[in-house]
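K.L.:
I have a structure here, written as structure tokens, and I will follow up with some questions on it.
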Amino acid sequence: QVQLVESGGGLVQPGGSLRLSCAASGITFTIYAMGWYRQAPGKQRELVAKITPGGSRNYADSVKGRVTISRDNAKNTVYLQMNNLKPEDTATYYCNAALGTLPPQYWGQGTRVTVSS
């Protein structure tokens with residue numbers, strides 16, 4: 001069965017760093033674009049970053065310069081390195097997979113990130 005399993009979330013102080021991981025199974029990982037979305041309580045889900053099979057990256061304006069998305073095809077894993085975290089980054093972060101320009105087909109269960117003093 002298709003599984004996307006996120007990990008790496010937790011509590012971090014403002015200015016700190018976290019690296020989120022998403023391990024995929026049950027799909028041909030190399031042909032999927034992978035993305036990270038986040039959703040804070042009472043707010044809409046928003047795209048944080050995505051990466052195509054060819055390695056092209058896209059970031060939300062709110063995280064540019066602080067976030068790096070990468071993928072390791074040998075490990076079927078996509079990462080989200082987050083630096084200089086801010087309280088407004090607090091949210092549940094979800095990994096997803098999509099083919100071409102189609103909307104995301106698969107979602108992980110999410111990992112919670114809390115940025116607080």
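K.L.:
Taking the stated definitions as given, is ASN76 buried (at least 21 other Cβ atoms within 10 Å of the Cβ) and polar (S, T, N, Q)?
P.N.:
Considered against the rule, which asks whether it is buried (at least 21 other Cβ atoms within 10 Å of the Cβ) and polar (S, T, N, Q), ASN76 comes out as no.
K.L.:
Name the residue that is farthest from GLY16 (Cα to Cα), counting only residues in region 50-62 that are open to solvent by 60 Å² or more (accessible area, probe 1.4 Å) and among the polar types (S, T, N, Q).
P.N.:
That would be SER56.
K.L.:
Something else about it: Which is free of Cβ contacts under 8 Å to residues at least 12 places away in the same chain, at positive phi and of a type outside the set (D, E, K, R), of GLY10, GLY55, GLY42, GLY100?
P.N.:
Answer to the check: GLY42.
K.L.:
Scanning region 94-104 for residues that are crowded, with 21+ Cβ neighbours inside 10 Å and out of contact with any Leu (no Cβ under 6 Å at 6 or more places or on another chain), which turns out nearest to ALA40 (Cα to Cα)?
P.N.:
Checked region 94-104; the qualifying residue nearest to ALA40 (Cα to Cα) is TYR94.
K.L.:
Next question. With respect to the numbered conditions (1) among the polar types (S, T, N, Q); (2) touching a residue at least 24 places away in the same chain (Cβ under 8 Å); (3) open to solvent by less than 70 Å² (accessible area, probe 1.4 Å), which one is the sole condition not fulfilled by ASN84?
P.N.:
If we test ASN84 against (1) among the polar types (S, T, N, Q); (2) touching a residue at least 24 places away in the same chain (Cβ under 8 Å); (3) open to solvent by less than 70 Å² (accessible area, probe 1.4 Å), just (3) comes out false.
K.L.:
So which of GLY65, GLY35 ends up being open to solvent by less than 50 Å² (accessible area, probe 1.4 Å) and either in contact with a Leu (Cβ under 8 Å, 6 or more places away or on another chain) or at positive phi (or both)?
P.N.:
Among GLY65, GLY35, only GLY35 is open to solvent by less than 50 Å² (accessible area, probe 1.4 Å) and either in contact with a Leu (Cβ under 8 Å, 6 or more places away or on another chain) or at positive phi (or both).
K.L.:
Please go through region 1-32 and pick out each residue that is exposed (fewer than 14 other Cβ atoms within 10 Å of the Cβ), part of a loop (DSSP other than H, G, I, E, B) and hydroxyl-bearing (Ser, Thr, Tyr).
P.N.:
SER17, THR28
The values are calculated or read from the model by the stated rules, or taken from the named source; none is laboratory data. Since the model is a prediction, treat every value here as computed from it, not as a measurement. Cβ atoms come from the backbone with ideal geometry, glycine included; neighbour counts cover every protein chain shown. Only protein heavy atoms, including side chains, enter the accessible area calculation; ligands, DNA and RNA are left aside. Shrake-Rupley method; radii C 1.70, N 1.55, O 1.52, S 1.80 Å.
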